[in-house]
Structure formats: structure tokens, C-alpha cells
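Data first, discussion second: the structure below is written as C-alpha cells.
Computed from the coordinates by the stated procedures, all read-outs in this text should not be read as laboratory data. Keep in mind it's a predicted model, so treat the numbers as computed, not measured. As a convention, Cβ positions derive from the backbone with ideal geometry for all residues, glycine included, and neighbour counts pool all protein chains shown.
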Amino acid sequence: MQNYKREILPEWGLATQMVHGGQTRSQHAETAETIYMTSGYVYHSAEEAEAAFDNSRPRFVYGRFGNPTVSMFEERMALLEGAEAARATASGMAAVFASLACLVKAGDRVVAADALFGSCNYIVQEILPKWGVETEFVDGRDLAQWRKALSKPTKAVLLETPSNPSLRLVDLKAVCDLGHAAGAQVIVDNVFATPLLQRPLEFGADIVVYSATKHIDGQGRCLGGVVLGTAKYINETLQPFIRHTGPSLSPVNAWILLKGLETLELRLQRQCEVAERIAKELQGHPKLAHAHYPTLDNFPQVELARRQMKSGGSMVSLDLKGGKEASFRFLNALKLILISNNLGDSKSLATHPATTTHQRLSPEQKAAQGIMPGLIRLSIGLEDVKDLLADVRQALDAA
Ligand SMILES: *Cc1c(COP(=O)(O)O)cnc(C)c1O
């Protein structure tokens, strides 16, 4: 039987790889990726089943730890990231948790940037210490704090850059070097940048994690996550953890994410252009203290942004002068942009992080992370730029 798998040539660009990468075709030679909707697999003989379980003849054994549609998504993601291997998970949080939990045991130490997605912060602040793992937060922008925290042996470093929602950056190369000197594996949550704008492995990161729910699906349809790294880490450390704890991605969701990858470059290019334009046009607006966007000249870490990112991304953070009241008036006046805590969607979305995604943090923690009462996070979608600008302007007038 012929195998209709396309060989992906290394000289092909990422857009090409995202359309064809990882696809295996059945004997029916279908054009589109197939959804293998099965929980289990059958064996021709008892001997074949034995060989599958002792791994002398590796093959799909059970849906919790292997499915052909999920494998296509994993292979396409590995191509995109330039990683040796990838494992998909049911959500971004499952990816973050599994990537860390499979590395650490009681007595180990984890250092993390303080500006993390709310649930990532919860894992480091609440869950790991309960299990005897020592954790320490640093201001991710401050190399002196990283140097001090990483002067002790450390098992893992977790960071996000740009951070959610205040768009703070971490110097990937410098922190990866410090982390390695402390014996740590460096895990980068690369959701805001996506692999198209920033490839942490090239700066020395060991592990990259994504919420595929965000730009990879990009159309608000399903949850998903993925962990990428060396074949050794993925197959020997992460895979047993996933196999026995079960945060598996559904084949249907893997298919949706495969289709998302086909248009990722096209969507992101447009979203980044529009986000930068909106941030630029809002500079100096009387209702705003700041309109943050990583590649604008007035961004405090603009040099670092230009060094490690190809573009500033699809997110804009607005600092309204009037605090929470003005922020709520702004959100309630929006006619096109939707109020939602999601991001990376084709629909533009606006969030007030201090009262939603980061509500759980103490006032001190919020202040330390730049989550001020007047901060609005805008996730730019695929609408016409003139409509988005008009909506933001009229809502600022109402604020
Ligand atoms: C959304 C998000 C997550 C969690 O992903 P889910 O798919 O919602 O579980 C983790 N990190 C960042 C930066 C995110 O934006």
C-alpha cells in the first residue's frame, strides 16, 4: 500500500510547511487531514499486541497517548517551532502544568517571572509549594533579580514574554544562560508571540509551551495546548507523565488546530499590522496614559522587542487615565469589539484584567505586574482597521 505522506523539504517556507507538514494520508488518499475518531486500536494477533506494549514495534495503542490526527498536529507544530518533538494536550494549562510537573519533585526549586497568565501563576504560587517544591518569583524584566534567584541550584524556570496582559518582556538569551548555569530547564510560554514572531529555542530555551486555543486555532472554536522540546525530554520525561495522567487532546480539536495552522501566518500578519497601527494612532490620546505595543519607539523595552521578536504581536494594552470606572465605561461603550477574556481570535476582544483574568491576585501583586485599574487588554482580530479604530475612538470618548 502506498504511503501518501508528503516529504517536507527543508527549503520550504513556514507558510508551505503549515499547509502540508505532518499530514499522513490513509489508503483513500484524501486531500484534507483525516479525523481519526477512535479511542482504541486493534491487533492482528496476540504477538502484535505484545510487541506494541513492550515497544519493540511502536504503533498506536490507546487514544490517551496516541492518535494519528493528534500526531499530525504535533508534527506540524514541531516544524513550525523548529523543535525535535511535540506533544499536544487538551488545553494550554494542561501543557504548562505537564511541562513543569514532569520535571520536578519535592525539594526541587522553580524560579518564575512574576508577570504570568493567571493560572500559570496559580500553579507556581499554590500547587507546586503544596507538593514541596520551592518557588520564587522575580520581576521578569530585571536581570539582577534573575541572577540572584538563579544563584541557587534550580530545576526549572518558567516565563512568558511578552507577558499577559501588561506586555512585559524577558530577555530570553540572558535568562536562558542564567537558568542553564543554575542547572535549570527553561520553559517559555510563547502564547503572545506565537512561533511566527519569536522562536525561544533559538535563544537557548529548552521547552516551549502554547495555549493553541489562542492564535493557533484563532477562531474561538476549541481548546488545545502543545509542549515542544528535545526528543529526549518529550519522549522520555513528558510522554510517560501524559500517558499516565491523561491530559490528551481530542482528535476533533487536533483537526481544528491543524486547519488553524494553515491560515496562521496570513491571519497573524494582518493582526500584527492592525495592532501596531491602532497603538500608533492612539499615542497621545487625552484619555490614555499609555498605549503599549512592544515595537513602538516609546515602549520601554523596544530594543529587546526588536532583538527577539519579528513583530510586536496582535495585542495592545491601553492604560486609561480614569482607572476602573473609565475602563468599564470604555468596555460598555464598545459597539464592535467584544468584551471577552479570550485572545488571539479573529474577532477583536477587550478585557479588563484587574477584575477578570487577574482578579485573584492581591492589590500588591497586581501593582507589581503592572495590572493597573485602568488597564485594558485589546486582542486585535481580523475586522477592517477603520472600523476597529472608529470603535476604540468612540469608546474612549465615552470613557
Ligand atoms: C490562555 C493562556 C494560557 C492557558 O491556555 P488555555 O488553553 O486557556 O488552557 C496559558 N498561558 C497564556 C499566556 C495564555 O494566554
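Things to note:
- Ranked list, fewest to most other Cβ atoms within 10 Å of each Cβ, for L80, L288: L288, L80
- Pairwise centroid distance, computed over Cα atoms, of the stretch 96-123 with the stretch 363-399, Å: 29 Å
- Scalar couplings 3J(HN,Hα) for the stretch 22-33, obtained by applying the Karplus form with A = 6.51, B = -1.76, C = 1.60 to θ = phi - 60°, are x, 6, 10, 9, 7, 5, 8, 6, 5, 6, 7, 4 Hz; x denotes Gly and Pro.
- If the convex hull is drawn through the Cα atoms of the stretch 25-129, its volume per residue in Å³: 175 Å³
- Linear extension gain, L389 paired with T34, 0.36 nm per residue minus alpha-carbon span: 123.8 nm
- Here the stretch 265-398 is treated as an ellipsoid with the same Cα gyration tensor; its semi-axes, largest first and in whole Å, are 21, 18, 14.
- A protection proxy built from the mean count of other Cβ atoms within 10 Å ranks the segments 51-59, 328-336, 347-355, most packed first, as 347-355, 328-336, 51-59.
- Span-rule helices in the chain, defined as complete DSSP H runs reaching 18 Å or more along the axis (Cα) with Kyte mean at least 0.0: 68-81, 385-398
- Available extension along the chain between R57 and I339 is 96.4 nm, counting 0.36 nm per residue and deducting the alpha carbon span.
- Within the chain, all pairs of alpha-carbon atoms sorted by distance into 20 Å bins from zero give the percentages 27, 55, 16, 1.
- Sum of -39500 (n - 2.57) over DSSP H runs of 4+, divided by residues of the chain (222 nm, nearest 500): -10500 deg cm²/dmol
- Under 5 Å, built H, 5+ apart or other chain: amide partners of K347: L382
- Alpha carbon centroid spacing (whole Å) that separates the stretch 183-197 from the stretch 1-77: 26 Å
- Stretching the chain fully between R243 and Q365 yields a gain of 40.4 nm (0.36 nm per residue, less the alpha carbon separation).
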